[in-house]
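Worksheet: one structure, shown below.
The values are calculated or read from the model by the stated rules, or taken from the named source; none is laboratory data. Note that the structure is predicted; figures quoted are calculated from it, not measured. Cβ atoms come from the backbone with ideal geometry, glycine included; neighbour counts cover every protein chain shown.
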Amino acid sequence: MCTADSARGLEPAGTETNDRRRPFPDTPTCAIGSRPMPTTSSPTRSVVIATFATVMLAAAVAQGFGRFTFGVVLPDVREDILGGSNSLGGFVATANTFAYLVGALMVGSLSAKVSAVNSVRIGLLFSVGGLAAAAAAPNTAILTLAMISMGFGGAAIWIPSPGITSAVVAPHLRGLAVGLTGSGVGLGIIFSGQLNGRLVANGGGWRDVYTVHTVIGLVAIALVFLVLRQRRSEAQPAGGFGGFAVLRTLDGWKPIIGCYFIYGFGYLLILAFLTSRLQDDSGFSESAASTIFAVTGGCTIFGGVALGRISDIIGRRWTLVGSFPLWAAAVGLILTGELALVIVGAVIVGFLFGGIPSVIAAYLVDRTDAATYGPSYAAATFAFGVAQVSSPQIGGFIADWRGSFTLVFVMSAVVMSSGALFAWALPSGS
């Protein structure tokens with residue numbers, strides 16, 4: 001347990017600072033989420049760095065590995081155990097997102113009983129178990145069960161994560177904090193894309209990718225138990241079913257849910273089928289498609305940080321109003337099939353893929369506290385999850401029907417453009 005002296009501020013002795021611009025909050029805790037210590041000092045730099053590093057790794061396992069790796073390895077999985085069916089691939093992806101939806105409901109409903117850190121711990125157990133099962137999956141049924149476990153675990157990890165990290169920084173840096181948290185997902189995507197390409201080039205396969213992810217997941221479990229500590233406060237609001245009782249008290253809750261729903265439907269049509277589109281429709285090699293997917297993941301890292309910080313400056317509303325139409329333009333570039341334009345489009349998609357949800361989460365962080373963030377974000381994530389459940393299945397069906405992914409990508413562009421209307425409806429002071 002840290003003492004008050006060990007958590008003193010970072011400024012040299014005798015130096016006065018403007019509290020509004022201090023990077024860390026005035027009521028620190030060395031045990032994340034525990035009661036504030038009676039001091040005006042800040043948490044040490046090592047506490048903040050350890051918190052961010054641990055939560056970012058957990059986010060990589062939850063989303064980068066547990067959800068988006070399937071899009072990277074889908075071409076090989078499809079030929080190995082899915083009988084070459086895009087529809088079946090969409091079904092497996094849908095099972096993952098449906099489990100994420102169920103997980104979001106449970107996190108919101110149990111927020112008064114399960115702490116944020118314990119939620120992350122439980123989620124990692126499910127996610128890593130699913131990764132291990134996927135590595136050994138002999139057929140579609142086992143792979144589907146593995147994806148369900150990863151989906152449930154992903155919700156339990158990701159939903160409380162932005163609240164954990166934003167709690168150790170000052171209010172004017174919350175957007176940046178949420179963006180940094182989400183950048184862990186981008187790091188996971190980069191790693192998955194590069195790992196798959198290298199393993200395939202050296203005679204490996206998609207099961208080897210999940211095996212490596214399992215080992216990394218075990219490291220994440222150890223770090224979360226060692227680094228993050230949380231003691232429950234006495235007063236925890238009841239979130240109601242799925243957290244909606246808390247969410248409905250927030251200003252602008254309907255349009256922000258609309259933004260998250262649109263994003264959930266539109267982004268997965270691209271991320272789930274990007275490598276398949278590049279290989280099947282544009283004639284890219286497996287290595288080239290994996291590299292471009294990794295580029296998308298790399299830009300996710302910067303997108304969350306950059307858009308989060310931009311929204312700190314110009315506001316969440318205007319940032320979202322501009323982001324949704326930009327996504328549609330990026331998809332248009334990918335559809336050309338020209339390498340240079342595809343790369344530019346992939347860069348923009350990655351940037352917005354990391355940035356848009358970071359801004360949405362920051363909007364909710366602005367309007368909640370440590371006790372109400374979890375249930376409100378869980379409720380918003382439910383709308384996001386509903387959209388995710390339908391989009392992979394629809395995308396896979398359309399691809400089989402049309403014999404290409406062109407219409408799937410066009411649908412993503414059109415749907416995402418409509419998100420600007422919901423963003424415009426947010427309170428003008430957002």
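Out of Phe397, Phe422, report the one residue that is part of a helix (DSSP H, G or I), under 22 Å from the mean Cα position of the chain (by Cα), surrounded by fewer than 24 Cβ atoms within 10 Å (Cβ to Cβ) and aromatic (Phe, Trp, Tyr). Don't jump to the end; show me each part of the working.
Values: Phe397 fails: under 22 Å from the mean Cα position of the chain (by Cα).
Testing whether each residue is part of a helix (DSSP H, G or I), under 22 Å from the mean Cα position of the chain (by Cα), surrounded by fewer than 24 Cβ atoms within 10 Å (Cβ to Cβ) and aromatic (Phe, Trp, Tyr) leaves just Phe422.
Within the group Gly186, Gly197, Gly175, which residue is under 17 Å from Thr296 (Cα atoms) and either in contact with a Gly (Cβ under 8 Å, 6 or more places away or on another chain) or not small (Gly, Ala, Ser) (or both)?
Gly186
Only one of (1) more than 20 Å from the chain's Cα centre (by Cα); (2) at pLDDT below 85; (3) not in a helix (DSSP H, G or I); (4) not hydroxyl-bearing (Ser, Thr, Tyr) is not met by Val168, so which one is it?
Every condition holds for Val168 apart from (1).
Can you list residue pairs whose Cβ atoms sit under 9 Å apart, with the first residue in segment 128-155 being in contact (Cβ under 8 Å) with a residue 24 or more places away in the chain and under 10 Å from Asn96 (Cα atoms) and the second being surrounded by 22 or more Cβ atoms within 10 Å (Cβ to Cβ) and among the charged types (D, E, K, R)? Count only pairs 6 or more apart in sequence or on different chains.
What qualifies is Met147/Arg67; Met150/Arg67; Gly151/Arg67; Gly154/Arg67.
To keep it simple, each residue is scored yes or no on (1) in contact with a Ser or Thr (Cβ under 8 Å, 6 or more places away or on another chain); (2) modelled with pLDDT under 50.
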residue	(1), (2)
Gly33	yes, yes
Thr51	yes, no
Phe68	yes, no
Gly71	yes, no
Leu82	yes, no
Ser87	no, no
Leu101	no, no
